[in-house]
Each structure stands twice: as C-alpha cells, then as structure tokens.
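Heads up: the structure comes next, in structure tokens.
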Ligand code: UTP
Ligand code: MN
C-alpha cells in the first residue's frame, strides 16, 4: 500500500471494517514513508496537480474532487484518487499548461514522458463518469499525446504513489529559469525552515491556512507581533503539508511539527471538526477588526495609526474622509472623474496657505494618505498577470531610452504564480557587471521623473531608500534604489479604461541582482526564513542587497538565482513553490 495514502482516515487495505485509530497508527508507523501494503493497489490513481495557470477556485475544486474520491475501505468505486506531493509518484498529471517550454518549468520532461498529462477537464469529467476516462481525449500537451494515451490508467493499472523511484532522478535543466523544484523538497514538509519545503500557491489545506491567516492578521493589527509570527509560522508549515489534514494525520504528523502546541493545535482541531475556526469567524464580523483592517488597507496607514483612529471613535471610510478632509465618496468615482478629482487635489496641495509652492514644478508628487484614500477603489483592485507584463514592458521601454542594456525580472506574487496581484514588483539592473556599477546608481530617480513626465507614474510613495550616489563610498554602496509608485497605463483601443496601479521598482547593482530577485520574489515567510537559515545554519547574512559570510564578512557575488541557493546549501525551489504565506 502506498505510504502517501496514510493521510486518509479510511485508508485501509484488505480490512473490510474500518480499523480503530490505534490500529491505524500502528500501521502507519510500521509501514513508514516508503512502506507498502496491498489491497486496493491497482485501483488508486496518483494525481499530481500543476498549479500554474489555474485559478484558485479551480485548484480548490480539483483538490476537492481528489479528496472526494479518496480510497475508502471496502469501496468498489472505479475512481479512487490520491494526491501525490511528488510528481514522480503520480500516474496522472493535471495541468492547464499547453506548451512544452512552460510545462518544463514545473515538471522534468523525462518524468513527464512516463505520465499521462491531461487538462483539468479529465478529472472533472472522470468524476462525473465515476471512472477514469481515456486520457488521450484530454491530452494537455500535444507533444506527449502518445505517451499520455499509453500511460493512461485505462491502459496501465496501478498507482505508484509512495513508491518513489530514486533511479528516476530529474536531470537538471540547462537553463536556470526553467529548472523544476528539486524533487526531494516535496518530502520535506517536516522541515523547520520554509526554505527547505515546497509551498504551493494553493495547498490541500488552503481553507485552514486562510482561517489561520485571519487570526494572524488580527494579531498584527493589534500590534501583537510575536503572536502574529507564531501563526505565520504555523501557516507556513500547513502550506507545505501535502495531504488533507484529518484527525488522524493531525495526531500523527501535524501535532509533532514545531509550533503546533496548545492554542494553535486547538484551532486546527476546531477546523478539522467543523470546517472553520470560531474565533476567526467572530473576528471577521467584529467591528474592531473590520475598522482596523479597513484603515490599515490604506497606503500610509499602519496598524498603530489604525488603532489610534479607532480609539478616537472612527469606524468607517467616511470617518477617514472627514478626518483627512477629502471630498466624500471619492472612491465611487469613475476613472475619468477620479483623474479630474486628483488634478483638483493636486492644485490644492501644491501651495501652502500663504501661497508658497510646496513642491518644485515637474517633480513627482508624493502620495499622501488623502491621495491614497481617493484612489482606494482602484488601488484595491487586483491586477491580472497580462497587465503586470504590460506594465513591465512599458517601463522597460522608457528605461531603454534613458539607459540601454538594462535587465529586469517581475518578482513578487506574480513570479510565485498568483493569477492576480495587489501590485507589480520589478527588479532592475544592468547586463554589464562592471559598467552597471556606475550606470545603475541614480537611474531609479531619473526613470521616475521620466515616467511622471509621460503621465505614466502619477505619484511616488517612498524615496527614502534612494541613497544619493557617493563616489567615495562606491565600495560600500550597499542599498537598493526603490521607488514605490502609483502607475497608470495609457489607454489603448483594446483597453480604453485604465486604472491606477501600485508599481514597485527596485534598482540593484549587478552584484545585488539575484539576492534582490530572491528577496522580492518572497513570499514574506520564505524570505524571513531565508535570512534565518543563513544566519543560524550557515553563519551567513542574507538580505536583498547581499550575501555575506559573517566571520570574515566575505561577500559572495552570485551570478544566478540558483547560485544563491547553492551557496546557502539549499535545494532549488522554484518561485511557484515559495508561497509560504497563506
Ligand atoms: P509584496 O508586498 O508586493 O507582496 O512584496 P506580494 O507577495 O508580491 O503579493 P501582492 O503584491 O500582495 O500580490 C513582495 C515581496 O517583496 C519583499 C517581501 O519579501 C515580499 O514577499 N519586500 C517587500 C521586501 O523585501 N521589502 C519591502 O520593503 C517590501
Ligand atoms: Mn507584490
């Protein structure tokens, strides 16, 4: 019996009656991660889901279908499914990707050839039919259609789940950007640091992670950083756990993980029993939580300020509008009305009451809380991937006019595979390692000015990371140049209405490029643990600027993202598996 089946409470083999929990626990410990027993073998299909290009509703639905068809003792169902955390163990791979190049970023091609690779419809239709349908009709990759037909469960019986075969090692891809996550990582869900584990965008216990995330946010809003961090860590562990958590697997697996003592444990158990966490639900409906999270969602207002406002008796957006003296209802305006409104606001704040100009003409206005408040409706709208790409293209075209030879990577949630992002984050450097050292400093400010003149950037939020370039300190020029901006694409016939978006630009010297790319790819928990891992396990210091050895302050100069992982002694983890936050 494949080991990966041990998560299912009813994972029994030849027993006709359900084994007692004790009996199950014994079976579990005796069979171990690579143990095997038999019985339903031959019927259970190992399923691996490639999340890229799937929206979270579909991912959840696919997980639900797999779960619904989990092997049950005595079941005669001809569709018995099991989620595999390692693609090597699966027989069927479900993906919405249709191109080899893209697919190879997630699954090694040599492994892919041994599997049936189908679209999500295969699972949906098979579930309806109650049996595995012919895979050829649902082949996702035309290049592997033959293999898909041949490897289809209606051709070949038996599930490989749990019998991971070490001889099928994935030969590493030549190009680092298409390197799939190191297969060993998927077995590492017990590991302490998020950087040792695989954390998909949507995990089999996403509902639980979301509930815990409400508690985490509530603690954060209350200024209880330590408590918030404890939840963040627990969420991170859950994100990497490859099976649905049941009462049994909670006891055998989860409760043994670091951070699942007392309080957190009781919350997880509540979720297992009822499908929600009562405290999270009451939190969501509480006036205090609603007001605090509303206030803190405005750029420039943090938890402390949000609490101060609440203590002053403020509760709603209208209260904020009154406080900041913004015309009420600004957030209800159409994009065109909003532009007009912004111009008026600009004119108003451009001069002090005694007529002195506040800002030099031509310089990019700072975003203030009133502006953020007025733009709230637009800045809250999530950005689809193609628009993020369009933003990058426009920015890089303008940058090329100022300075040829610049390179960029879209980082943040986009790079981790999120279908929708709250902002766009772009790390920029120069292709020439030597020349970049002098070409990059100062470029961020120049680009912002240009984007402002072109009407693309409307406001900047943060220029403090902007260290003036100091020739005497070249050796120690140790900061990134950041511009956190409000950006608006120009209308085009296909897209006549554009709205304001948040755009973060991060300029790094070539030697800082890969650490910046990793740092800004996130997720926050992943990055936090990368620092911690470096410090505690490797005696090194990692941040977005540099990777240094502590005892002699030797600085490493990584030439690729993979090299950073290598230096830190970490297995490669693809960005799409760095979603360690809920
Ligand atoms: P974001 O806040 O943009 O989050 O930070 P996100 O993961 O892209 O998700 P969205 O935007 O809400 O969709 C991106 C990453 O950049 C790093 C953090 O590690 C974060 O994961 N970051 C952010 C920094 O290093 N420094 C900062 O000042 C801000
Ligand atoms: Mn982002």
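Each value in this text was obtained by applying a stated rule to the coordinates, not by laboratory testing. What you are looking at is a predicted structure, and each value in this text was computed from that prediction instead of being measured. Here the Cβ is made from the backbone with ideal geometry for all residues, glycine too, and neighbour counts use every protein chain on show.
Roughly how many nanometres apart are two label points built 7 Å out from the Cα toward the Cβ at residue 453 and residue 401?
Reported label-point gap for residue 453 and residue 401 is 0.8 nm.
How do 181, 283, 553 rank when sorted from fewest to most other Cβ atoms within 10 Å of their own Cβ?
Details: 181 23, 283 20, 553 8.
Fewest-to-most ranking of 181, 283, 553: 553, 283, 181.
Which length gain, in nm to one decimal place, applies between residue 305 and residue 72 when the Cα-Cα distance is subtracted from 0.36 nm times their residue separation?
Going from the current span to full extension adds 78.6 nm.
Order these by the 10 Å Cβ neighbour count, fewest first: 345, 396, 540.
396, 345, 540
Give the average over all directions of the projected area of the C-alpha convex hull of the range 538-582, one decimal, in nm². Walk me through the numbers on the way to the answer.
On the way: hull surface 14.9 nm².
In nm², the orientation-averaged hull projection of the range 538-582 is 3.7.
So what's Rg/Rh here for the range 241-346, counting alpha carbon atoms and using the Kirkwood radius for Rh?
1.21
Based on the alpha-carbon gyration tensor of the range 358-434, what equivalent-ellipsoid semi-axes (square roots of 5 times the eigenvalues) come out, in whole Å, largest first?
They are 25, 21, 10 Å, listed largest first.
Could you check the spin-label model distance between residue 146 and residue 316? Points 7 Å from the Cα along Cα→Cβ, value in nm.
Going from the residue 146 label point to the residue 316 one covers 6.8 nm.
Using the Cα atoms of the range 199-300, I'd like the radius of gyration and the largest Cα-Cα distance, Dmax, both in angstrom.
When restricted to the Cα atoms of the range 199-300, Rg and Dmax are 13.8, 45 Å.
Give me the Kirkwood hydrodynamic radius of the range 39-153, using the inverse of the mean 1/r over all pairs of distinct Cα atoms, in Å to one decimal.
Hydrodynamic radius (Kirkwood, Cα only) of the range 39-153 equals 14.0 Å.
Roughly how many Å is it from the Cα centre of the range 182-245 to that of the range 397-427, as a whole number?
27
Could you check the spin-label model distance between residue 323 and residue 256? Points 7 Å from the Cα along Cα→Cβ, value in nm.
The modelled label-to-label distance comes out at 4.9 nm.
Could you tell me the ratio Rg/Rh of the range 205-261? Both radii from Cα atoms, Rh via Kirkwood.
1.00
Give me 427, 394 ranked fewest to most by other Cβ atoms within 10 Å of their Cβ, as a rough exposure proxy.
By the 10 Å Cβ count, ascending, the order reads 394, 427.
For residue 363 and residue 55, calculate 0.36 nm times their separation in residues minus their Cα-Cα distance, and state this gained length in nm to one decimal.
In short, 106.9 nm is gained.
Would you please report the Å³ per residue occupied by the convex hull of the alpha carbon atoms in the range 485-545?
Details: hull volume 6.8 nm³, N = 61.
Here the figure is 112 Å³ per residue.
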